[in-house]
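Before any comments, here is the structure.
The values are calculated or read from the model by the stated rules, or taken from the named source; none is laboratory data. Quick caveat: nothing in here was measured; it's all calculated off a predicted structure. Here the Cβ positions follow ideal geometry from the backbone for every residue, glycine too, while neighbour counts run over all protein chains shown.
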Amino acid sequence: MDDRISIAIEDGVADVRMIRTDKMNALDNGMFEALIAAGERLKREPGLRAVVLSGEGRAFCAGLDMGNFGKMAEGSSSESGEASSRSSLASRTHGIANRAQYAVWVWREVPVPVIAAVHGVAFGGGFQLMLGADMRYIAPDARLAILEIKWGLVPDMAGTQLMKHLVREDIVRELTYTGRVFSGEEAFVMGFATRVCTDPRAEALATAHDIAGKSPHAIRAGKRLFNAAVDAGPADGLLQETDEQVALIGSPNQVEAIMANMQKRPPAFAEAG
């Protein structure tokens with residue numbers, strides 16, 4: 001993992017960086033494994049409050065490594081870098097997902113907010129990777145694309161499940177069918193970008209540290225609620241809201257939030273995990 005991703009944690013904020021700069025952080029077998037390993041580590045990290053996911057060098061992530069497309073043409077590898085046959089994609093190797101899907105989906109399972117800081121390019125699998133974050137801070141001149149159609153493929157790294165909750169269906173269809181490249185500014189208008197930033201990583205880290213100052217129990221409860229709301233019907237969603245709120249009311253961190261506000265002082269929260 002160390003030659004693909006670096007992780008630095010300060011004051012509860014994990015600064016996660018893809019560091020395969022010579023390949024614009026393209027997705028090869030090593031990067032898939034590193035993304036999953038990083039996400040799994042952070043799921044268990046004590047005292048974690050927020051995560052920023054970004055790429056060093058010229059790009060966030062240029063998508064699938066070109067070498068994998070050559071293997072595909074020979075019939076020896078799948079779109080997402082699996083080393084064997086097409087049947088490997090059908091295997092649910094990571095819960096509800098296959099390996100390539102889980103490299104994206106694992107960021108939904110990290111129990112704290114994840115912010116993707118996107119610059120340069122985010123094409124194909126790189127575009128889908130940013131969708132796994134809770135929020136996306138994108139440079140105005142970043143270039144993005146659902147590029148799979150260029151290679152005769154469809155997005156298969158959880159993108160279809162994540163895009164439908166962010167952007168109108170007809171826009172998603174147009175971008176998927178054409179593979180056209182669009183800017184960070186356009187991404188904001190469409191709904192893919194949470195914020196357009198000249199320096200996405202700096203602003204993402206600032207937001208992450210702001211989140212880190214809030215009650216960690218409430219933040220984690222909020223993420224659980226938003227994740228569940230994707231699939232829950234109104235009755236189930238309303239009940240889960242109530243369950244999470246009941247667990248928070250009167251808890252030590254909730255009392256501390258009230259007292260800190262009333263006494264006009266910084267809160268001193270206990271860790272949530």
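Structure values in brief
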quantity	calculated
Selection status of T207, crowded, with 19+ Cβ neighbours inside 10 Å, of a type in the set (S, T, N, Q), within 20 Å of the chain's Cα centre (by Cα) and part of a helix (DSSP H, G or I)	yes
A270 being part of a loop (DSSP other than H, G, I, E, B), of a type in the set (G, A, S) and farther than 19 Å from P111 by Cβ	no
Single residue of segment 143-158 satisfying the filter (surrounded by fewer than 24 Cβ atoms within 10 Å (Cβ to Cβ) and either touching a residue at least 40 places away in the same chain (Cβ under 8 Å) or within 10 Å of the chain's Cα centre (by Cα) (or both)) that is farthest from R49 (Cα to Cα)	W151
Residue satisfying condition, being closer than 22 Å to V114 by Cα, touching a Cys at 6+ places or on another chain (Cβ under 9 Å) and assigned by TED's automatic domain parsing to the domain that holds D141, within set A208, A204	A204
Residues of segment 151-177 that turn out to be in contact with a strand residue (DSSP E or B) (Cβ under 9 Å, 6 or more places away or on another chain) and outside any loop (DSSP other than H, G, I, E, B), as a count	2
Only one of A235, A187 that is crowded, with 20+ Cβ neighbours inside 10 Å, over 18 Å from W105 (Cα atoms) and hydrophobic (A, V, I, L, M, F, W, C)	A187
Complete set of residues in segment 14-66 that are under 28 Å from S183 (Cβ atoms) and β-branched (V, I, T)	V16, I19, T21, V51, V52
Any hit, segment 102-117, residues being modelled with pLDDT under 90, among the hydroxyl-bearing types (S, T, Y) and either over 29 Å from E271 (Cα atoms) or part of a helix (DSSP H, G or I) (or both)	no
Every pair of residues 6+ apart whose Cβ atoms lie under 7 Å, when the first sits in segment 177-188 and is touching a residue at least 40 places away in the same chain (Cβ under 8 Å) while the second is of a type in the set (D, E) and surrounded by fewer than 17 Cβ atoms within 10 Å (Cβ to Cβ)	S183/D141; G184/D141
Residue check for Y137: in a strand (DSSP E or B), modelled with pLDDT of 90 or more and in the same structural domain as F188 (by TED's automatic domain parsing)	yes
Those residues of segment 118-131 which are in a helix (DSSP H, G or I) and touching a residue at least 40 places away in the same chain (Cβ under 8 Å), in sequence order	G125, G126, F127, L129, M130, L131
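So that you can scan it fast, the table gives a plain yes or no per residue for (1) basic (K, R); (2) without any contact (Cβ under 8 Å) to a residue 60 or more places away in the chain; (3) over 18 Å from D11 (Cβ atoms):
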{"position": "H209", "(1), (2), (3)": "no, no, no"}
{"position": "H217", "(1), (2), (3)": "no, yes, no"}
{"position": "A228", "(1), (2), (3)": "no, yes, yes"}
{"position": "Q245", "(1), (2), (3)": "no, yes, yes"}
{"position": "S251", "(1), (2), (3)": "no, yes, yes"}
{"position": "Q263", "(1), (2), (3)": "no, yes, yes"}
